[in-house]
Amino acid sequence: MTTPRLFLLFPVLLLPITAALATSNYEYGPDEYVTVSNGMSPDGKFAITAHGGGELGYDDFRLYLTDAITGKKVDPLQEVAGTLDTGADAFAAK
């Protein structure tokens, strides 16, 4: 009788842990810029990419306008600041 109750209680104990991990984070390589969802321009010349440093990408995280052909950064997008997410999958271009 105790074992079935324990199995019912187990998911309740894990709920706070899964809720705390609800952000999308990514640990980027030194020169790794990941394109966000729908981040390629229609002509394929430019992309919006994400990059950050350190564990989970929080150090100097930014979104960049990138030359999709050469892979070089054109400029950081200044409007995006103070985000909890550092994974490129948390952002989308429209």
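Below are the figures for this structure:
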{"read-out": "Single residue of the stretch 61-88 satisfying the filter (among the hydroxyl-bearing types (Ser, Thr, Tyr) and more than 13 Å from the chain's Cα centre (by Cα)) that is farthest from Ala22 (Cα to Cα)", "value": "Thr70"}
{"read-out": "Residues that are free of Cβ contacts under 8 Å to residues at least 40 places away in the same chain and within 12 Å of Ala93 (Cα to Cα), drawn from the stretch 47-59", "value": "Ala47, Thr49"}
{"read-out": "One residue from Leu9, Leu14 being over 13 Å from the mean Cα position of the chain (by Cα), modelled with pLDDT under 90 and open to solvent by less than 80 Å² (accessible area, probe 1.4 Å)", "value": "Leu14"}
{"read-out": "Residues that are open to solvent by less than 100 Å² (accessible area, probe 1.4 Å) and assigned to a helix (DSSP H, G or I), drawn from the stretch 37-94", "value": "Leu56, Gly57, Ala88, Ala90"}
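The values are calculated or read from the model by the stated rules, or taken from the named source; none is laboratory data. This structure is a prediction, so every number in the text was calculated from the model and none was measured. Every residue, glycine as well, gets a Cβ built from its backbone with ideal geometry; the counts of neighbours run over all protein chains shown. Note: areas computed on protein heavy atoms with side chains; ligands, DNA, RNA excluded. Shrake-Rupley method; radii C 1.70, N 1.55, O 1.52, S 1.80 Å.
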